[in-house]
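Undergrad: One structure, as structure tokens, below. Some questions next.
The values are calculated or read from the model by the stated rules, or taken from the named source; none is laboratory data. Bear in mind the structure is a predicted one, so any value in this text is a computation, not a measurement. Methodologically, a virtual Cβ is constructed for each residue, glycine included, from the backbone with ideal geometry; neighbour enumeration extends over all protein chains shown. Calculation scope for accessible area: heavy atoms of the full protein, side chains included, ligands and nucleic acids excluded. Shrake-Rupley method; radii C 1.70, N 1.55, O 1.52, S 1.80 Å.
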Amino acid sequence: MYYEEYLPELNRTAEKFRDKAQKKLKYCTTCQPYDGGEYIWIMGNKTSIDEIFDDINCPEKYREDIAEHLHCPNCGKSGFEQYEVAGTEDLHVLEEERKIKSIYTRFEKKLIDFRSHLEKLPSLALAHPLGRKIHKEIINNNVKTISIKQTNWSRARLVTHSKVFEQTDMTAPEVGLSSGGRFHHQGQSVLYLAEDDELAMIETLDNPNNPSLIWIQKYIQELELTGILDLRNDWDTLSDDHNEVIQALLAFRYIFEKVEDRSSKWRPQYFLTTFIADCAREAGFNGILYTSSRSYGNNLVLFNPNSTAVHPIDKPKVFIYEPKKSLFEDPDDLTRFF
Ligand SMILES: [Zn+2]
């Protein structure tokens, strides 16, 4: 006999209340860490099953039976008692969800309109109300500014011929050489760095599904980098340091929109980001830290490619990049790189 078979039967009405209560129930005492036999409540908003029933106006006569049907979605514990302690969603999580929802409602149409305006008139961002607003907020510094203390960075280039690269081949391309990117215009010279080797590789490839040979240059940062615009996307939290319009840009992920085919010269995904980069330059920022659109981690673009805060160390090395075949990789498998 299974546990479920012993559960009291619920009628249609009771089932509806069970579903409502189940939606609200997020944590239980089993989820919490224990110290000397006593739990310390840290996950969720502490309440009781009965208070959840109060919230949804569940009739008293169903409560005891429904409680037995509930399970904790976080740890899997099944079967509760009516007066048992339980947790609903953290109040700050609910508040965050409300904020994100409100930003979506207010900015969705405007952002879609701005994006299609930029596709038609890439250099006329300031002719659109949202363009003017983004410009104003960045110029007035209503954005999150950070200093970076990270010490190591990586930069990658594809192996395209047999020449052995030196450090000088792995610095920022000089003016006139770059074909343009997320935060710079064609021909501009800026320095892009990734926070680790793997991310640098993935960012460099035209198609991360194909194995490739790649040069990796390690960079060391000896001085603190100041005046960096923080455009990292935190998925479920929006930074209050940003003005709402910047929060909307991050929430909609337009800043991180992926260019599927990098060999194509038509890359409208970059019109918005190069505009933001221009605003940031005008406002005096030294660079932008942003979330990768291709993998996990952050990239840094420095507007001054000769920044003295970072410099290459050791000789560049060649690696074999192989696309991940499964999520579960053997960490001891060293054949991926040499
Ligand atoms: Zn639990």
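Undergrad: Could you work out the local net charge near residue 247, counting Lys and Arg as +1, Asp and Glu as -1, over the other residues with Cβ closer than 9 Å to its Cβ?
TA: -1
Undergrad: Could you give me D for the chain, from Stokes-Einstein at 37 °C and 0.692 mPa s, where the hydrodynamic radius is the Kirkwood radius over C-alpha pairs? Units µm² s⁻¹, please.
TA: On the way: Rh = 23.9 Å.
D, rounded to a whole number, is 138 µm²/s.
Undergrad: Rounded to the nearest 10 Å², what accessible area does residue 95 show when all protein chains are kept and the probe is 1.4 Å?
TA: Residue 95 has an accessible surface of roughly 90 Å² with all protein chains in place.
Undergrad: Using a Förster distance of 51 angstrom, determine the FRET efficiency expected from the C-beta separation of residue 30 and residue 293, and round it to 0.05.
TA: The value I calculate is 0.85.
Undergrad: Okay, next question. Quick one: helix 12-24 against the long Cα principal axis of the chain, what's the angle to the nearest 10°, folded into 0 to 90?
TA: In the chain, helix 12-24 runs at an angle near 40 degrees to the longest axis.
Undergrad: Okay, next question. Within the stretch 187-281, list the trypsin sites (Lys or Arg not before Pro) lying in a DSSP loop whose Cβ has at most 14 other Cβ atoms in a 10 Å radius.
TA: Loop-located and lightly packed - 253, 258, 262, 265.
Undergrad: Can you compute 3J(HN,Hα) from phi for each residue in the stretch 136-145, using the Karplus curve 6.51 cos²θ - 1.76 cosθ + 1.60 with θ = phi - 60°, rounded to whole Hz and x for Gly and Pro?
TA: So the Karplus estimates, Gly and Pro as x, are 4, 5, 6, 4, 7, 6, 8, 9, 7, 10 Hz.
Undergrad: Something else now. Going down the list 99/144; 46/77; 163/258; 163/317, which pairs span over 21 Å between their C-alpha atoms?
TA: Long pairs (Cα-Cα over 21 Å): 163/258.
Undergrad: May I pose another question? Averaged across orientations, what area in nm² does the convex hull of the alpha carbons in the stretch 86-222 project?
TA: Taking a quarter of the hull surface, the average projection is 14.1 nm².
Undergrad: Could you order 313, 214 so the one with the most accessible surface comes first? Probe is 1.4 Å.
TA: 313, 214
Undergrad: Assigning unit charges at the beta carbon (Lys, Arg +1; Asp, Glu -1) and nothing else, what dipole magnitude in debye, to the nearest 20, does the stretch 168-234 show about its Cα centre? Show your work: numbers first, answer last.
TA: Details: 3 positive and 12 negative charges, 51 e Å.
It works out to roughly 240 debye.
Undergrad: Would you mind getting the accessible area per residue of the chain, heavy atoms of the protein chains only, 1.4 Å probe, in Å²?
TA: Here the residues of the chain average 57 Å² of exposed surface.
Undergrad: Which percent of the accessible area of the stretch 233-307 is formed by carbon and sulfur heavy atoms (probe 1.4 angstrom)?
TA: Whole-percent figure for carbon plus sulfur exposure: 43.
Undergrad: Same structure again: Extending each Cα 7 Å along its Cβ direction at residue 105 and residue 71, get the distance between those two points in nm, one decimal.
TA: So the two model labels end up 3.4 nm from each other.
Undergrad: List the aspartates and glutamates whose Cα sits under 15 Å from the Cα of residue 324, skipping any in the same chain fewer than 8 residues away.
TA: Within the straight-line limit of under 15 Å, residue 324 reaches these aspartates and glutamates: 197, 198, 203, 332, 333.
Undergrad: What's the carbon and sulfur percent of the stretch 11-89's accessible surface, probe 1.4 angstrom, rounded to a whole number?
TA: It is 44 percent, rounded to a whole number.
Undergrad: So what is the 222 nm mean residue ellipticity for the chain from helices alone, if each DSSP H run of at least 4 adds -39500 (n - 2.57) and you divide by all residues, rounding to the nearest 500 deg cm²/dmol?
TA: On the way: 8 runs with 101 residues, N = 338.
It lands at -9500 deg cm²/dmol.
Undergrad: Related question: Would you list, by chain and number, the aspartates and glutamates whose Cα falls below 18 Å from the Cα of residue 110, excluding same-chain residues fewer than 8 positions away?
TA: The reachable aspartates and glutamates, counting only those whose Cα sits under 18 Å from residue 110, are 119, 137, 244, 257.
Undergrad: Here's something else I'd like to know. Report the full-extension gain for the segment residue 241 to residue 96: residue separation times 0.36 nm, less the Cα-Cα distance, to one decimal in nm.
TA: 50.8 nm
Undergrad: What do the square roots of 5 times the Cα gyration tensor eigenvalues come to for the stretch 200-322, in whole Å, largest first, as semi-axes of the equivalent ellipsoid?
TA: Working from the Cα gyration tensor, I get semi-axes of 25, 21, 14 Å.
Undergrad: Now for a separate question. Label residue 23 and residue 314 with points 7 Å out from Cα along Cα→Cβ: what is the distance between them in nm?
TA: If labels sit at residue 23 and residue 314, their model points lie 5.5 nm apart.
Undergrad: Across the stretch 11-89, how large is the tail of the calculated P(r) beyond 18 Å, expressed as a percent of all Cα pairs?
TA: Cα-Cα pairs in the stretch 11-89 separated by more than 18 Å: 34 percent.
Undergrad: Roughly what would the spin-label model give for residue 174 and residue 253, points 7 Å off Cα along C-beta, in nm?
TA: In this crude label model, residue 174 to residue 253 measures out at 4.0 nm.
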